[in-house]
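The structure appears below as structure tokens.
Each value in this text was obtained by applying a stated rule to the coordinates, not by laboratory testing. Keep in mind it's a predicted model, so treat the numbers as computed, not measured. No Cβ is skipped: glycine too gets one built from the backbone with ideal geometry, and neighbour counts run over all protein chains shown.
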Amino acid sequence: MERRELLAGVAGLGALAAGGAYSLLRPSPERVDPITLQGVEAPGSTGDEVQVPDRGRPSFVEFFATWCSTCESMMPEIAEARERVEDVQFVSVTYEPIGQTVSEEEVRDWWSLTGGTWQIAHDADYEASRVFDVAGIPTSYVVSAEGEITWRDTGYHSADEIEQVIRTYGGR
């Protein structure tokens with residue numbers, strides 16, 4: 001009987017230590033200050049400057065490239081998720097060298113063909129990419145109304161997944 005109690009106690013302490021380590025090592029939300037990016041004139045998007053993220057409401061920020069097939073396949077999913085949630089800033093950001101390897105017209109045509117109807121921004125100096133720590137594309141983020149990155153992931157996401165992470169991590 002004593003041996004079982006000892007083993008149960010050791011297992012309990014192990015679980016407690018693991019839980020404590022997780023809570024200490026778990027990444028806490030990062031706060032980001034709004035960055036001013038140049039908008040790209042396209043359907044649903046102005047050529048005006050845009051603040052990313054938009055303080056006072058949650059933001060869904062997606063980094064993309066026109067040559068990325070996963071980005072292209074995700075466009076209808078983002079559009080559908082955008083229809084399902086209210087008062088959330090949707091912005092897609094590209095750091096492609098517009099005017100060098102891709103023209104603004106090519107970005108605009110790609111946007112139209114893939115069904116984009118929300119704001120596009122150009123990260124010409126890679127500031128947003130550094131702040132958001134973008135490691136690949138597509139990479140998507142949910143930023144709270146207070147400016148905290150509360151969710152991030154790289155790769156394809158369905159409309160259902162996007163809606164769920166916005167509702168779970170964006171407060172909507």
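Sequence gap at least 6, Cα distance under 8 Å: using those rules, report the relative contact order of segment 30-169 to the nearest whole percent.
Taking the mean separation of contacting Cα pairs over the length of segment 30-169, I get 36 percent.
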Pair ARG57, ARG167: separation of 7 Å Cα→Cβ label points (nm): 1.9
Total formal charge among the other residues, if their Cβ is under 12 angstrom from that of LEU113, Lys/Arg +1 and Asp/Glu -1: -2
For VAL32, what is the net charge nearby, where nearby means another residue's Cβ is under 12 Å from its Cβ and Lys, Arg count +1, Asp, Glu -1? -3
Rounded to one decimal in nm, the spacing of the 7 Å Cα→Cβ label points at GLU80 and GLU104 is 3.3
Just to confirm a number: summing +1 for Lys and Arg and -1 for Asp and Glu over residues other than GLY147 whose beta-carbon lies under 13 angstrom from that of GLY147, what do you get? -2
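Using Cα pairs under 8 angstrom and six or more residues apart, how large is the relative contact order of segment 126-172, in percent?
The value is 34 percent.
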Give me a comma-separated list of calculated 3J(HN,Hα) values for segment 73-78, in order, Karplus coefficients 6.51, -1.76, 1.60 applied at θ = phi - 60°, integers in Hz, x for any Gly or Pro. 5, 7, 4, x, 5, 5
